[in-house]
Amino acid sequence: MTVSDNYYIDAVIVRGTSKTHSVSINQKTEDGLAFEPFDLSDYYIRFRVLGSATADALVLLEKIITQASDEDVDGVITDASNGQFQFHITAEDTNTLGTGKFPISIEVMDADTDESLFVLTEGGYQGEFNSIQITEV
């Protein structure tokens, strides 16, 4: 299975507010000529905010996103068969993290074994890292 390799998230959130971001996962078809939705029915999403852009980074915030999770706290898989989910950053999360730009990790996890299937957010073509940025107004 090949997942689209040009996926990049750079989310800006104002400190003290909440924000939801929608994500769709697509995979290449068997012939490799097109993309189709990745079915999340047997999986969950592990969303992490990291202290640095390294493999051994401190996890500052972690959310487990399922079809039954609280969409106003963690986010939710909104359409499993079409690979769609949302992650939610609460006002409390932004106050806990403080202002700054934080790398994020989004992994698709096997619901039966809790093993990572793949990571969606490994960085982009220009060396940028997927992140959330918390600002003050």
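For segment 107-134, enumerate the residues that are open to solvent by less than 10 Å² (accessible area, probe 1.4 Å) and at pLDDT below 85. Give the derivation first.
If we filter segment 107-134 for residues that are open to solvent by less than 10 Å² (accessible area, probe 1.4 Å), which is where we start, we get 108-109, 121, 130-132, 134.
Of everything in segment 107-134, those that are open to solvent by less than 10 Å² (accessible area, probe 1.4 Å) and at pLDDT below 85 turn out to be Thr121, Asn130.
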- Only residues that are farther than 17 Å from Gly51 by Cα, of a type outside the set (A, V, I, L, M) and open to solvent by less than 20 Å² (accessible area, probe 1.4 Å): list them for segment 75-106, please. Gly75, Gly83, Phe85, Phe87, His88
- Wholly enclosed strands (runs of 3 or more DSSP E) of segment 11-60 bearing at least 2 residues modelled with pLDDT under 95 and open to solvent by 50 Å² or more (accessible area, probe 1.4 Å): 19-24, 26-28, 35-37
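The values are calculated or read from the model by the stated rules, or taken from the named source; none is laboratory data. Please read all numbers here as calculations on a predicted model, not as lab measurements. Calculation scope for accessible area: heavy atoms of the full protein, side chains included, ligands and nucleic acids excluded. Shrake-Rupley method; radii C 1.70, N 1.55, O 1.52, S 1.80 Å.
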